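A short reminder: the numbers here are calculations on the coordinates, not readings from a lab. Because the structure is a prediction, the values reported are computed rather than measured. So basically every Cβ, Gly included, is an ideal-geometry build from the backbone, and we count neighbours across all protein chains shown.
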Amino acid sequence: MFDSQVFVEEKVAEMRERIPGKAVIACSGGVDSTVAAVLVDRAIGERLLTVYVDTGLMRQGETEHVRGTFDKLGLHYKMVEAGQEFFAALKGHTDPERKRKAIGERFIRVFEREAKAFGAEFLVQGTIAPDWIESGDGVRDTIKSHHNVGGLPKDMSLKLVEPLWDLYKDEVRQVARHLRVEVSERQPFPGPALAIRVIGEADEESVRVVREACAIVEQELEAASEKGAMVRPWQYFAVLLPVQSVGVQGDRRAYGRTVAIRSVESVDGMTAAFSRIPYDVLERISLRITNEMKANVNRVVYDITHKPPATIEWE
Ligand code: XMP
């Protein structure tokens, strides 16, 4: 049986020994990186600088939310605004692996800059077991290179420390609860963020569209579960497809974009089943996406594929 108290005690002691100097951590505010930051903060305090990079790819309201979380946890942190750098790195890339690698590399370069300014030698990452299992360990195929594994440049000067390496998602959540990290009940969110929820090139405008659609999906599913109409799914979001289709708006022909809704039930993200969302909840999401959004979206579809054969994210 996994015991989060024992895990925390042992990891804090281990981190104190492994990190004699200064360290930086890339913290997105997600469960994994926040838990890793709190663990290392307990071990070395102000010698850890927690860096949040605003990649321009985050969810609605994310940056403000993360700032509040860091303040509450008393972390020593810095917020870096780097949106334009990320969009420049993504320009012209449509292949999912190229996109992931471009983002991973940009991340590391930004951290190297921050690490240098801080005088850090170590890079802490919140990598968990499914990240490296699915990134290919030489035995298994590479399914997707998760940015915190696949994108690391070979010439990286920082020494890598990964305190959550052996843990699965449910274990990380147990540790989060133990550490009173408030994010513990939030749904998982991928490192490459909204860029992999825009199929094809993720430019600033497409990311804005998928951000708005994701916010509607989140609001409606959370409202429906609060009302007791359904149980809150494990993970739920929107994906912007590079498909246009014909529709009608008033009495005019329209040619608009397509949004797919993805919602799954899972324990650890390794396998998943699509959620059985009540039709009236799906209807509300569809109406809001097609009516409220400034973007021209005239078709909404629901993804009814399990993992396997699909993955949870589309890229
Ligand atoms: P897939 O799409 O591979 O996702 O079925 C399994 C779970 O992992 C999340 N995910 C990521 N998490 N870095 C992460 O930290 C990534 O690059 C990444 N890609 C996918 C995904 O959202 C799901 O919860």
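Counting only alpha carbon atoms, the long axis of helix 96-118 and the longest principal axis of the chain meet at about 40°.
Loop-located trypsin sites (Lys or Arg not before Pro) in the stretch 203-250 (DSSP state not H, G, I, E or B) with no more than 13 neighbouring Cβ atoms inside 10 Å: Lys227. Remark on Leu48: its backbone amide H falls under 5 Å from those of Ala23, a criterion applied only to residues 5 or more positions apart or on other chains, H modelled at 1.01 Å from N. In the chain, helices alone account for a calculated mean residue ellipticity at 222 nm of -13000 deg cm²/dmol, with every DSSP H run of four or more residues adding -39,500 (n - 2.57). Here the stretch 226-249 is scanned for amide nitrogen atoms under 16 Å from the site 7 Å beyond the Cα of Val301 along Cα-to-Cβ, giving 238-247.
For the stretch 261-276, 3J(HN,Hα) computed residue by residue from phi via the Karplus equation (6.51, -1.76, 1.60; θ = phi - 60°) reads 9, 10, 9, 9, 10, 7, 10, 10, x, 6, 10, 7, 10, 5, 6, 8 Hz, glycine and proline entered as x.
Mind putting a number on the dipole of the stretch 4-185 about its Cα centre? Charges go on the C-beta only, +1 for Lys and Arg and -1 for Asp and Glu, and I need it in Debye to the nearest 20. The dipole of the stretch 4-185 has a size of about 380 debye.
Summarising the amide proton neighbourhood of Gly247: residues at separation of 5 or more, or on other chains, whose placed amide H is nearer than 5 Å comprise Ala254, Tyr255, Gly256.
The stretch between Arg232 and Glu265, if pulled fully straight at 0.36 nm per residue, gains 11.0 nm over its current Cα-Cα span.
Given R0 = 41 Å, the distance between the Cβ atoms of Met156 and Glu222 translates into a calculated FRET efficiency of 0.60.
Of the residues Ser4, Gly61, Val40, the one whose Cα sits farthest towards the positive end of the charge dipole of the chain is Gly61 (charges of +1 on Lys and Arg Cβ, -1 on Asp and Glu Cβ, taken about the Cα centre).
Given Cβ point charges of +1 (Lys, Arg) and -1 (Asp, Glu) and nothing else, what value in debye, to the nearest 20, does the dipole of the chain about its Cα centre take?
Approximately 560 debye in magnitude.
Please list, by residue number, every one of the chymotrypsin sites (Phe, Trp or Tyr not before Pro) in the stretch 1-66 that is coil in DSSP and has at most 16 other beta-carbon atoms within 10 Å. Those that pass, being in a loop and sparsely packed, are Phe2.
Extents of the chain, largest first, come to 69, 42, 42 Å (Cα atoms, principal axes, whole angstrom).
Available extension along the chain between Asp170 and Ala13 is 54.3 nm, counting 0.36 nm per residue and deducting the alpha carbon span. Highest mean packing first, where packing is the average number of other Cβ atoms within 10 Å per residue, the peptides 284-290, 30-36 line up as 30-36, 284-290. Exposure proxy for Ile304, Ile196, Ile261: other Cβ atoms within 10 Å of each Cβ, ordered fewest to most, give Ile304, Ile196, Ile261.
Dipole magnitude for the stretch 198-302: about 320 debye, using +1 per Lys or Arg Cβ and -1 per Asp or Glu Cβ, origin at the Cα centre.
For the stretch 198-302, the residue among Val267, Val209, Leu282 whose Cα projects farthest onto the positive side of the dipole built from Cβ charges is Leu282.
The angle between the Cα long axis of helix 279-292 and the longest principal axis of the Cα atoms of the chain comes to about 90 degrees, rounded to the nearest 10.
Across the stretch 166-173, coupling constants 3J(HN,Hα) worked out from phi with the 6.51/-1.76/1.60 Karplus curve, θ = phi - 60°, read 8, 8, 9, 3, 5, 6, 4, 5 Hz, and Gly and Pro carry x. Remark: Asp166, Asp54, Asp41 ranked as Asp166, Asp54, Asp41, counting other beta-carbon atoms within 10 Å and listing the fewest first.
Give me the angle, in degrees from 0 to 90, between the Cα long axis of helix 4-18 and the longest principal axis of the Cα atoms of the chain, rounded to the nearest 10. Once rounded, one gets 60 degrees.
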